[in-house]
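The structure appears right after this line, and notes come after that.
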Amino acid sequence: MKEWILNKLYEAKSPSTPRFAIQGTVNWMNCLAYFIDNSQYFTNNSLIDFYQTVPLQENKVNSIPLIIENMIMAYHNYSALEIFDTLEKYPNEICRAAIVSWYYSIYFTGSAMVAAATGTQQENHSTTAKVWLNELVNRNFILEPFNFKVDSLVKNQYKQQIKNTRNGNTFDLSYKPTNIEDSKGGILSYLQGTADYLREQKEQKMKNDKEFKNLNVSNFRTKIAREYRDARLVKAKVGFLHEAFRYRGKANYRDSIYLTYGNDYSNEIRQLCKDLKQVSFYFQRMASTYIEKRIGKSDWSFFINDLCENTKLKTSPLYLKNE
């Protein structure tokens, strides 16, 4: 029977239609990779210039172990992406694992940057994303396209903020980008989609709050319910690490069907694996330049040189070194 599995899943929870879900998945990563490749922000000289005024961290003795631990994990996951990229004969078998490795390369890199910025380790993914946004993005220590954000989850506010950032750009994730403006439009489209998703999550959670139930309403159509909702949504922010977490969750938890079922998307998934590696590489290059400024060239060189000497991974850690 044609698509029996899909029909059963629709009966249970109405999952995303596979062709639309995979379109957004591959095109967002392609937009990120395209933007990075065609901007001048991620050349070695540009990175050094961007971070030249970053001050040395005062409590680096305490933060260095946190930075090292997180960057080793980021490096390990990037090395996995390098291997996945060589397995072009098996794109469908590796794509989920590649997305998960990509996410953890981003997450651990973000955690290392937070440690370099604050000297602290956060307890979970959500807090890490929040601190990374507050301490790095909001202090202009993150480059485009990783610095795009929304400062509120009140719907009309974040939609207006994204509209202002778009400045007339209407490109979305229906197509692959052909120029840098297209890629920016696609990146902002995913940001809005993530904001929509997180807003809806928070709204559903609010309906179970005792305070909401005391309003004697069942939705947000009344003024008092909207005020209750917006007072909480206005404090929420969304940045790149929130987007990455959503991206991993879709592949690893929520939508079991969409990557490797139905139509053959092998060529798109091959490109996805290359884009995942590319985006991870440059996110770590950006982070390594910032971290080196925070802990000093000497300690950063000791870390990389020791890792080069002792790692058992095939990928050289020298991509983390700023020459």
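Has the stretch 216-231 got at least one residue that is within 20 Å of the chain's Cα centre (by Cα), of a type outside the set (Val, Ile, Thr) and outside the structural domain of Trp28 (by TED's automatic domain parsing)?
No, the conditions are met nowhere in the stretch 216-231.
Here are some conditions: (1) aromatic (Phe, Trp, Tyr); (2) more than 26 Å from Glu82 (Cβ to Cβ); (3) assigned by TED's automatic domain parsing to the domain that holds Asn62. Phe212 meets all but one. Which one does it not meet?
(3)
If I go through the stretch 42-67 residue by residue, how many of them are under 28 Å from Ser101 (Cβ atoms) and buried (at least 17 other Cβ atoms within 10 Å of the Cβ)?
8
Kindly provide the set of residues from the stretch 287-302 that are of a type in the set (S, T, N, Q) and touching a helix residue (DSSP H, G or I) at 6+ places or on another chain (Cβ under 6 Å), ordered by number.
Passing the criteria: Ser288, Thr289.
Looking at (1) in a helix (DSSP H, G or I); (2) in contact with a Ser or Thr (Cβ under 7 Å, 6 or more places away or on another chain); (3) among the aromatic types (Phe, Trp, Tyr), which is the one condition that is false for Tyr258?
So Tyr258 meets the others, but not (1).
Here is a list: Tyr282, Tyr258, Tyr319. Which entry is buried (at least 19 other Cβ atoms within 10 Å of the Cβ), out of contact with any Leu (no Cβ under 7 Å at 6 or more places or on another chain), within 30 Å of Asn59 (Cβ to Cβ) and of a type in the set (Ser, Thr, Tyr)?
Tyr282
I'm trying to understand the selection: among the residues of the stretch 54-80, which are closer than 16 Å to Leu276 by Cα and in contact (Cβ under 8 Å) with a residue 40 or more places away in the chain?
Ala74, Tyr75, His76, Asn77, Tyr78, Ser79
Only one of these is modelled with pLDDT under 95 and in the same structural domain as Glu292 (by TED's automatic domain parsing): Val61, Val26, Val100, Val114. Name it.
Val61
When you check Leu56 against the structure, is it part of a loop (DSSP other than H, G, I, E, B) and of a type in the set (A, V, I, L, M), yes or no?
Here the answer is yes, as Leu56 does meet what is asked.
Taking the stretch 155-173 on its own, how many of its residues are over 18 Å from Tyr197 (Cβ atoms) and exposed (fewer than 13 other Cβ atoms within 10 Å of the Cβ)?
Number of matching residues: 4.
Determine which member of the set Tyr261, Tyr282 is of a type in the set (Ser, Thr, Tyr) and at pLDDT below 95.
The conditions single out Tyr261.
Scan the stretch 68-118 residue by residue and report those that are of a type in the set (Lys, Arg) and either surrounded by 24 or more Cβ atoms within 10 Å (Cβ to Cβ) or not in a helix (DSSP H, G or I) (or both).
Across the stretch 68-118, the qualifying residue is only Lys89.
Determine whether Gly119 is over 22 Å from Leu32 (Cβ atoms) and among the small types (Gly, Ala, Ser).
yes
From (1) closer than 17 Å to Ala287 by Cβ; (2) outside the structural domain of Trp300 (by TED's automatic domain parsing); (3) not β-branched (Val, Ile, Thr), pick out the condition that doesn't hold for Asn77.
The single condition Asn77 does not satisfy is (2).
Exactly one condition in (1) surrounded by fewer than 13 Cβ atoms within 10 Å (Cβ to Cβ); (2) closer than 30 Å to Val26 by Cα; (3) not aromatic (Phe, Trp, Tyr) is not met by Ser218; state its number.
Tallying (1) surrounded by fewer than 13 Cβ atoms within 10 Å (Cβ to Cβ); (2) closer than 30 Å to Val26 by Cα; (3) not aromatic (Phe, Trp, Tyr), Ser218 fails exactly one: (2).
Residue by residue, here is whether (1) touching a helix residue (DSSP H, G or I) at 6+ places or on another chain (Cβ under 9 Å); (2) small (Gly, Ala, Ser); (3) modelled with pLDDT of 95 or more holds:
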position: Phe146; (1), (2), (3): yes, no, yes
position: Val150; (1), (2), (3): yes, no, yes
position: Leu153; (1), (2), (3): yes, no, yes
position: Thr165; (1), (2), (3): yes, no, yes
position: Leu173; (1), (2), (3): yes, no, yes
position: Asp209; (1), (2), (3): yes, no, no
position: Lys213; (1), (2), (3): no, no, no
position: Arg221; (1), (2), (3): no, no, no
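For Tyr41, state whether it is in a loop (DSSP other than H, G, I, E, B) and either under 22 Å from the mean Cα position of the chain (by Cα) or under 18 Å from Leu276 (Cβ atoms) (or both).
yes
Taking Leu136 as the residue in question, decide whether it is in a helix (DSSP H, G or I) and over 23 Å from Glu203 (Cβ atoms).
Criteria met by Leu136.
Among (1) out of contact with any Cys (no Cβ under 6 Å at 6 or more places or on another chain); (2) among the small types (Gly, Ala, Ser); (3) buried (at least 22 other Cβ atoms within 10 Å of the Cβ), which single condition is Ser152 missing?
(3)
The values are calculated or read from the model by the stated rules, or taken from the named source; none is laboratory data. Source: prediction; values computed, not measured. Every residue, glycine among them, receives a Cβ derived from its backbone with ideal geometry; neighbour counts consider all protein chains shown.
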